[in-house]
Amino acid sequence: MGFTVGLVPCEGWDPVGRALVGGLTEEQARERDRAGQQYAVGVVDPESGNVVVLLECAGHFRRRSWFDLQGRRTRVRVEPVLDGRLFHQSTEEWEYAPEHAEFDREAPHAKVEHTPDGSRDRTSEPRGASGSRTRRQEKAPLDELFSPVPDFADWKARTGLDLTFVAHPAPAPLGDARPPWRPPAPLRPRVGELFEPGARFTTRGGGEHTIESHDAGVLRLPSGRLIAADPGARPGDRKPFELALPPGDYPVRALLAVREDAPNWKPVAALQLVVADVPATSWEMALAEGDGSVLLLGENQFYGAGVDSGQLCFVDASAAKALGEAVDERYDRDEDLDPDAAEHRTEWLTDPETGGGMVVLTSPHGDGAFPTWIGRAADGSVACLVLDTLFLPERTRGE
């Protein structure tokens, strides 16, 4: 490869055909960049036609990939725009033998991941995924992790190549075909569908569930700070949501998934804390203090409450420590939820000192991690918070 390389604005890279697809003009790519829409730019060796580097951009998302002569990505670096700067979130590298496919599990592999506070996590698989793995955690200087966002046409800074860039023939436009890639998207809130009248969902096993809303009780929040947590895992150590509510009493509704052929089994699909009795028209992930940016989440990832006891709760922050201890004592006595509350799978506890409350529910899936969503009314005000048990995360709604 010489000192001159070609630039190809395009829709992206086709890993099957190992070629750039969907040609764009530079002005089209610039306009997409300005609008936060996705596009890609390939850097090509004009002598061989091989792609050297690929830039993929969409809004805050930035990814750079380097290629070998067989069109396999050997290094992938993810650098989202965070607080106005590029943040080096991760880099993965592969060492391929001639017979290896791209991202072959048998290929030696290494990954470095960073958090914005400077934590660095290194993993190495020198014999591929089937061999041993080493992991090392350390601190990284912040000035190594953040860098200015280059201008659109600053190709040296954007590619990391100190070369001369010239226009290169582009492939034909895609037309109506979809681009070959999309940026990773965090878990999409589906709880809004649960509030539709008569909402029905069919599980993969074929059972049809109808969503029923039941008034479960009133949760007292004297601190105005809400925690979602595993009630049996020191909820007092969990951070409350960043969203602060006016101190007071809040109605709670249990959204149950009811099956006609199993009337005694009514799992809680979601628990709704009602802030204002108005419809929610938009949803966003509720972030607890200390959670990172949503921009750092990968495909279907989310911030949520981890569960090891098979139960979840909403609890007032001022009462979380005392009520968590009360739950521990109940577990020591091997007691389950109050059988009189089995209809809604909820139980209520109150801290006599602070007056703060806790509502406990059984997780239909048992252990795992579960998000909370903020529902906002049409005017942007908070309508509710919904603890999602992910009972229907991938189901199709019944007709």
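Counted as qualifying within the stretch 235-326 are the strands (runs of 3 or more DSSP E) with 1 or more residues that are out of contact with any Gly (no Cβ under 6 Å at 6 or more places or on another chain), free of Cβ contacts under 8 Å to residues at least 60 places away in the same chain and among the hydrophobic types (A, V, I, L, M, F, W, C), namely 248-258. Could you list, in sequence order, all residues of the stretch 292-319 that are under 14 Å from the mean Cα position of the chain (by Cα) and open to solvent by 50 Å² or more (accessible area, probe 1.4 Å)? Across the stretch 292-319, the qualifying residues are Val294, Leu295, Glu299, Asn300, Gln301, Phe302. For the stretch 155-172, does any single residue satisfy the condition of being on the phi > 0 side of the Ramachandran plot and not hydroxyl-bearing (Ser, Thr, Tyr)? So far as the stretch 155-172 goes, yes, one or more of its residues are on the phi > 0 side of the Ramachandran plot and not hydroxyl-bearing (Ser, Thr, Tyr). Name the one entry in Val218, Val191, Val275 that is β-branched (Val, Ile, Thr) and over 20 Å from Ser381 (Cα atoms). Every option except Val218 fails the conditions.
Looking only at the stretch 137-162, how many residues end up being basic (Lys, Arg), under 27 Å from the mean Cα position of the chain (by Cα) and open to solvent by 80 Å² or more (accessible area, probe 1.4 Å)? Outline the logic, then answer.
Taking the stretch 137-162 first, the residues basic (Lys, Arg) are 139, 156, 158.
Retained after the next criterion (residues that are under 27 Å from the mean Cα position of the chain (by Cα)): 139, 158.
Narrowing the set further to residues that are open to solvent by 80 Å² or more (accessible area, probe 1.4 Å) leaves 139.
Number satisfying all stated conditions: 1.
For the stretch 154-175, a residue qualifies if it is closer than 28 Å to Glu113 by Cα, in contact (Cβ under 8 Å) with a residue 24 or more places away in the chain and not aromatic (Phe, Trp, Tyr), and the qualifying residues are Arg158, Thr159, Gly160, Leu161. Among the residues making up the stretch 219-251, those that are of a type in the set (A, V, I, L, M) and under 26 Å from the mean Cα position of the chain (by Cα) are Leu226, Ile227, Ala228, Ala229, Ala233, Leu243, Ala244, Leu245. What about Gly232, is it outside any strand (DSSP E or B), touching a Ser or Thr at 6+ places or on another chain (Cβ under 6 Å), modelled with pLDDT under 95 and over 30 Å from Gln38 (Cα atoms)? Against the criterion (outside any strand (DSSP E or B), touching a Ser or Thr at 6+ places or on another chain (Cβ under 6 Å), modelled with pLDDT under 95 and over 30 Å from Gln38 (Cα atoms)), Gly232 qualifies. Which members of the stretch 12-35 meet the condition of being under 13 Å from Leu55 (Cα atoms) and open to solvent by less than 20 Å² (accessible area, probe 1.4 Å)? Answer for the stretch 12-35, where residues must be under 13 Å from Leu55 (Cα atoms) and open to solvent by less than 20 Å² (accessible area, probe 1.4 Å): Gly12, Trp13, Ala29.
Quick check on the stretch 65-97: of everything there that is among the small types (Gly, Ala, Ser) and open to solvent by less than 40 Å² (accessible area, probe 1.4 Å), which residue is nearest to Gly17 (Cα to Cα)? Only one residue fits best here, namely Gly71.
The set of residues in the stretch 1-54 being under 21 Å from Asp151 (Cα atoms), charged (D, E, K, R) and in a strand (DSSP E or B) consists of Glu11 alone. Within the stretch 230-246, the set of residues being out of contact with any helix residue (DSSP H, G or I) (no Cβ under 6 Å at 6 or more places or on another chain) and open to solvent by less than 20 Å² (accessible area, probe 1.4 Å) comprises Asp230, Phe241, Leu245.
Check every one of the strands (runs of 3 or more DSSP E) wholly within the stretch 163-229 and list those with 3 or more residues that are open to solvent by 70 Å² or more (accessible area, probe 1.4 Å). Explain how you work it out, then say what you get.
Working: elements: 164-167, 200-202, 208-221, 226-229.
Because the criterion is at least 3 residues that are open to solvent by 70 Å² or more (accessible area, probe 1.4 Å), the strands (runs of 3 or more DSSP E) in the stretch 163-229 that meet it are 208-221.
The residues in the stretch 112-136 that are surrounded by fewer than 12 Cβ atoms within 10 Å (Cβ to Cβ), within 23 Å of the chain's Cα centre (by Cα) and farther than 23 Å from Gly290 by Cβ can be counted, and the count is 0.
Name every residue in the stretch 333-374 that is outside any strand (DSSP E or B), modelled with pLDDT of 55 or more and open to solvent by 30 Å² or more (accessible area, probe 1.4 Å), in order of residue number. Can you show your working first?
To start, the set of residues in the stretch 333-374 that are outside any strand (DSSP E or B) comprises 333-345, 351-356, 363-367, 371.
Narrowing further to those that are modelled with pLDDT of 55 or more: 335, 344-345, 351-356, 363-367, 371.
Correct list: Glu335, His344, Arg345, Pro352, Glu353, Thr354, Pro364, His365, Asp367.
The values are calculated or read from the model by the stated rules, or taken from the named source; none is laboratory data. Owing to the predicted nature of the structure, the values given are computational and were not obtained by experimental measurement. Using ideal geometry, Cβ is built from the backbone for each residue, glycine included, and neighbour counts are taken over all protein chains shown. Remember, those area values only see protein heavy atoms, side chains included, never the ligands or the DNA or RNA. Shrake-Rupley method; radii C 1.70, N 1.55, O 1.52, S 1.80 Å.
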